Amino acid sequence: MKITFASEAAPAKDAAVIRFVPRDQRAKLKPAVSEEEFSGKANALLYSRDTGTLCVGLGERAKIDAHTLRSAAGAAAMFLKKIGRTRAVVQLADWPKFAGPVVEGMVLADYRFERFKTKKSTVLESVKIQVLAEDLAAAKAAGKHGETVGEAVNFARDVANQPANLLYPETLADRAEKLGRDFDLEVTVFDEKKLRAGKFGGLIAVGQGSVRGPRLIVIEHRGGPKSEKPIALVGKAITFDTGGISIKPAANMEDMIFDKCGGMAVLGAMAALAELKVKRNVVGIIASAENMPGGGAYRPGDIITTYDGKHIEIINTDAEGRVVLADAIAYARLDCKASAIIDLATLTGACGVALGEYAAGFFTNDDAFGKRVLAAAEKAGERIWPMPLFTDYEEQIKSDVALIKNSGGRLGGACTAAAFLKTFAEDTPWAHLDIALMAYREKDRADMARGATGFGVRTLVQLVEGY
Ligand code: BES
Ligand code: MN
Ligand code: ZN
């Protein structure tokens, strides 16, 4: 998708024209349209084949924000793709400050996972953003940022959508190394041998049931002064989660290819931060394993020792995410000396029971850092919602035979999982996003295709940029 910016209303030959219409403008459209034809509500569409104009509703004027425009631009792009139009002019003279979200929304809407489809869908070839001359420079800069972040989200989605027979810890590490070469990031991969030697007991335990061994992938972006401690972005990347010996039911198990999405958010964010040349030190840490049952698999009752020497009693091998993250968070704290740690993980179905598929669960041990994360998510247009870390949850996961157990039962499942992770952050400012139900969608939405959503990339980029 080639994106250009212009201040002239250049003749839009063979390009569809996208017009954003707040609800109060609906009645002023010419030729007049009925409310039934076009409501003007957010993402409502009205297309005229004669003029090639596509009106997109923005809803109530007072509520219009970056999110409204991002979604509306996405819905417009999805529609144009559907009717086979490949070029668009976006009339943005009234909304120049939303050039970033508009470009981002169109880039996100243009992506579809079609590597294995015989029939490919139409892709948008060119999009021209039209603003007034005085807004051109600012719109260009914002649009370029939106394009970079949007492409990074799509990159995360594209890796996340790969099935587990093709994308497993080793091939994920290969992909990260390629990213390192492309973007001048330093990538270090701990393979099984190195993990064993380094005593990463969590990754080894979860990965030992699979013939495809685990990896810890460390990606460094050094944009800040040498002395600046990095912020650590940690991601769960279980390339397939069968549950292991505590095996999952068959229904929808195929969705567990998306159990790597926390790690993919980190991968995408690192790509964007490198491309944007953000002047901060950042370390991305991806804990990757395949959780399989088998003769070599870890078992309920096993007691394992994490990278920082803590002992975990395994109750349920399906609570594997927290076990690999224990190692990764400890590594961020001890080896990277992170000033703050944020982890993203498709950690619990219970988080979905609590919040539905409308927000990620948000936990923190540090109010000041937590506020930054909340503000970043708000600005990025990704919804996260505060959840508690009462000491009761810590009681619930105390073990009779070790420091901690990996499951505290059904009640408060998202919170006990977070309390588990908190143990490994110790005194380092830490935040955790449980993205289990935000990471993928089974069906197309108005502004985004089905599959991995890339949730988290935008919040991470925003967090680091404002850090
Ligand atoms: N990967 C799952 C969580 C998940 C569920 C992600 C649904 C996306 C959609 C995680 O590893 C898991 O299995 N969690 C268990 C924890 C339990 C065994 C304590 C869960 O949520 O049931
Ligand atoms: Mn699991
Ligand atoms: Zn999992």
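List of remarks:
- Residue check, residue 223 surrounded by fewer than 23 Cβ atoms within 10 Å (Cβ to Cβ), touching a residue at least 24 places away in the same chain (Cβ under 8 Å) and more than 26 Å from residue 399 (Cα to Cα): yes
- Subset tally (residues that are buried (at least 24 other Cβ atoms within 10 Å of the Cβ) and over 27 Å from the mean Cα position of the chain (by Cα)) for the stretch 304-326: 2
- Residue selection: residue 125 satisfies the criterion of being more than 24 Å from residue 461 (Cα to Cα) and acidic (Asp, Glu).
Residues checked against (1) within 16 Å of ligand 1 (Cβ to nearest atom); (2) surrounded by fewer than 24 Cβ atoms within 10 Å (Cβ to Cβ); (3) part of a strand (DSSP E or B):
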| position | (1), (2), (3) |
| --- | --- |
| 261 | yes, no, no |
| 266 | no, no, no |
| 270 | no, no, no |
| 282 | no, no, yes |
| 285 | no, no, yes |
| 288 | yes, no, yes |
| 294 | no, yes, no |
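- The set of residues in the stretch 375-393 that are in a helix (DSSP H, G or I) and surrounded by fewer than 19 Cβ atoms within 10 Å (Cβ to Cβ) comprises 375, 378, 379, 391, 392.
- Among the conditions (1) surrounded by fewer than 21 Cβ atoms within 10 Å (Cβ to Cβ); (2) more than 20 Å from the chain's Cα centre (by Cα), residue 207 misses just one, which is (1).
- Being at pLDDT 95 or above, within 25 Å of the chain's Cα centre (by Cα) and not in a helix (DSSP H, G or I) holds for only one residue in 251, 332, and it is 251.
- Of all residues in the stretch 40-84, those satisfying the criterion of being in a loop (DSSP other than H, G, I, E, B) and crowded, with 17+ Cβ neighbours inside 10 Å are 40, 42, 43, 44, 52, 64.
- Tally of residues being crowded, with 24+ Cβ neighbours inside 10 Å and not acidic (Asp, Glu) across the stretch 101-125: 8
- Residues that are surrounded by 21 or more Cβ atoms within 10 Å (Cβ to Cβ) and touching a strand residue (DSSP E or B) at 6+ places or on another chain (Cβ under 8 Å) within the stretch 407-427 comprise 414, 415, 417, 418, 420, 421, 425, listed in sequence order.
- Residue 301 farther than 14 Å from residue 201 by Cα, within 16 Å of ligand 2 (Cβ to nearest atom), surrounded by fewer than 23 Cβ atoms within 10 Å (Cβ to Cβ) and small (Gly, Ala, Ser): no
- Each residue in the stretch 335-374 was checked for being assigned to a helix (DSSP H, G or I) and within 15 Å of ligand 3 (Cβ to nearest atom), and 4 of them qualify.
- Residue count, the stretch 12-36 (criterion: over 24 Å from residue 110 (Cβ atoms) and not polar (S, T, N, Q)): 13
- Some residue of the stretch 223-231 being within 20 Å of residue 421 (Cβ to Cβ) and within 16 Å of ligand 1 (Cβ to nearest atom): no
- Residue 467, sole failed condition from (1) under 22 Å from residue 256 (Cβ atoms); (2) at pLDDT below 95: (1)
- Failed item, numbered, when residue 452 is tested on (1) buried (at least 20 other Cβ atoms within 10 Å of the Cβ); (2) over 29 Å from residue 310 (Cα atoms); (3) of a type outside the set (Asp, Glu); (4) more than 16 Å from ligand 1 (Cβ to nearest atom): (4)
The values are calculated or read from the model by the stated rules, or taken from the named source; none is laboratory data. A quick note: this is a predicted structure, and the numbers were derived from the prediction, not measured. Note: ideal-geometry Cβ built from the backbone for every residue, glycine included; neighbour counts use all protein chains shown.
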